[in-house]
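A short write-up of the structure that comes next.
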Amino acid sequence: MLRPLTLLALALPVCLAGCEATDQVLFKGLAGEAPGEYKLAPPAVAEGELARTPPKIGTTQFQPGKVAPLTATATEAGRKTAALRGEFVALQTQIAQYGDQLNLFRRSLQLNLDEYQKSLTGLRLSGVRLPDNTPQFTSSVDDARNKLGRVNADLLRMNGLAAKITVSAAYGGQLREEVQALGRTPSLGEDDARQIETLDREVNDSIVLTHSMLADIHHDISQQSVYTQRQRDAIDQLADAVKTGGARPASAQRPVANASATSTIAPGGANTGGVGTGGAAATTTAAAATTGAGAATAAAARRPYVTISFAQPEADYGPALYQAVQQALQRRPDLKFEVVGVSPVSAGAQPTQSALRRARAVMDALVEMGLPPERLSMSGATSATATSEQVQLFVR
């Protein structure tokens with residue numbers, strides 16, 4: 001039986017439809033800009049977007065290797081090796097189940113994508129006179145939205161699976177540390193040393209496998225969530241444009257910023273720690289944290305694009321953060337981001353370590369979303385107006 005972990009995993013955030021509003025994350029306009037507005041595309045442009053082929057889904061099969069048999073020895077090291085091997089066998093069984101679940105989720109995702117593509121035939125504009133408010137067209141729009149919702153449900157399931165694999169990968173890392181520590185035991189017998197070395201190699205292979213699984217799942221989720229977001233926008237644009245004859249008065253334009261945030265996963269204060277973002281901490285050290293009054297003054301002079309408040313014990317910010325960053329990059333693909341951990345002045349003249357840890361967790365989450373580390377930096381600041389710790393995201 002696997003031992004409980006103290007590690008809390010942060011899976012790849014996915015921005016999907018149907019999230020409930022929360023006041024823990026506040027969206028702002030881009031720094032130095034008023035909230036933007038957009039004008040709906042003509043029907044033909046929206047229809048062209050709907051004709052796009054969805055990204056291909058990964059097909060790699062992930063199955064862990066067999067665990068080598070163990071020859072019992074009468075030594076203390078042999079007894080510990082046998083115990084660690086038993087835990088590893090249980091872990092391998094669990095990973096094999098995750099591989100099977102991934103195959104099922106991918107098949108379901110492909111089927112629902114195919115059904116969604118079929119539903120789009122009812123949204124073709126050939127023979128349609130604008131404006132068109134017929135029940136048939138409205139029914140076709142509703143059907144397409146429902147089919148797209150099933151695709152989003154599959155992505156949510158894959159996201160949950162990624163969270164479980166992240167925990168298993170972290171557990172594998174802990175297990176390997178114990179195996180390696182056992183291998184450093186003085187005066188090991190030849191049989192014990194050989195079996196410990198074999199177990200260490202097998203555990204490492206298992207960790208590599210879980211990392212590969214996570215990379216594939218994260219790639220699928222990222223690609224498909226961008227696709228579904230654009231499809232959903234195109235459906236909305238097409239439906240509105242068709243009903244209004246292809247034009248939208250300037251007075252009816254609607255803002256794309258200053259929206260309330262939404263979120264569904266990940267404890268805000270968790271240290272993301274390990275597997276999915278293990279390399280992130282190392283690769284972002286070039287953008288080292290800065291602290292003090294200078295940083296506080298600089299932060300105060302700018303307007304954050306996103307503010308994540310930790311007034312409550314847990315702030316669920318993952319999908320909301322993904323949505324905000326995606327929206328910003330759609331407007332300006334060359335953006336860079338600064339993550340600032342903010343603590344109240346009442347907590348001290350310098351940013352607290354807790355606020356900086358929260359900032360690091362947010363930055364690791366951004367790397368998980370696919371942002372290159374070189375486009376991220378981190379700093380700390382204090383605020384006279386903040387009543388709780390915050391993480392603020394600035395664009396530059």
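The values are calculated or read from the model by the stated rules, or taken from the named source; none is laboratory data. Given the structure is predicted, the values throughout are model-derived calculations rather than measurements. FYI the Cβ positions are ideal-geometry reconstructions off the backbone, even for glycines, and counts take in every protein chain you see.
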Would you tally the residues in segment 169-188 being surrounded by 19 or more Cβ atoms within 10 Å (Cβ to Cβ) and of a type in the set (D, E, K, R)? 1
Do we find a residue being without any contact (Cβ under 8 Å) to a residue 12 or more places away in the chain and assigned to a helix (DSSP H, G or I) anywhere in segment 154-175? no
Among (1) outside any loop (DSSP other than H, G, I, E, B); (2) modelled with pLDDT under 80, which single condition is L91 missing? (2)
Name the pairs whose Cβ atoms lie under 6 Å apart, with the first residue in segment 210-237 and in a helix (DSSP H, G or I) and surrounded by 17 or more Cβ atoms within 10 Å (Cβ to Cβ), the second aromatic (F, W, Y) and at pLDDT 90 or above, and 6 or more positions between them or separate chains? M213/F62
Going through segment 339-388 in order, the residues found to be crowded, with 24+ Cβ neighbours inside 10 Å and acidic (D, E) are D364
Considering every residue within segment 59-66, establish whether at least one is surrounded by 13 or more Cβ atoms within 10 Å (Cβ to Cβ) and either at pLDDT 90 or above or touching a helix residue (DSSP H, G or I) at 6+ places or on another chain (Cβ under 6 Å) (or both). yes
Residue under question is A162, and the condition is that it be modelled with pLDDT of 90 or more, crowded, with 18+ Cβ neighbours inside 10 Å and farther than 29 Å from Q92 by Cα; does it hold? no
So, in segment 349-391, exactly how many residues are under 28 Å from I217 (Cα atoms) and assigned to a strand (DSSP E or B)? 4
How many residues, within segment 335-375, are within 16 Å of Y322 (Cα to Cα) and of a type in the set (A, V, I, L, M)? 11
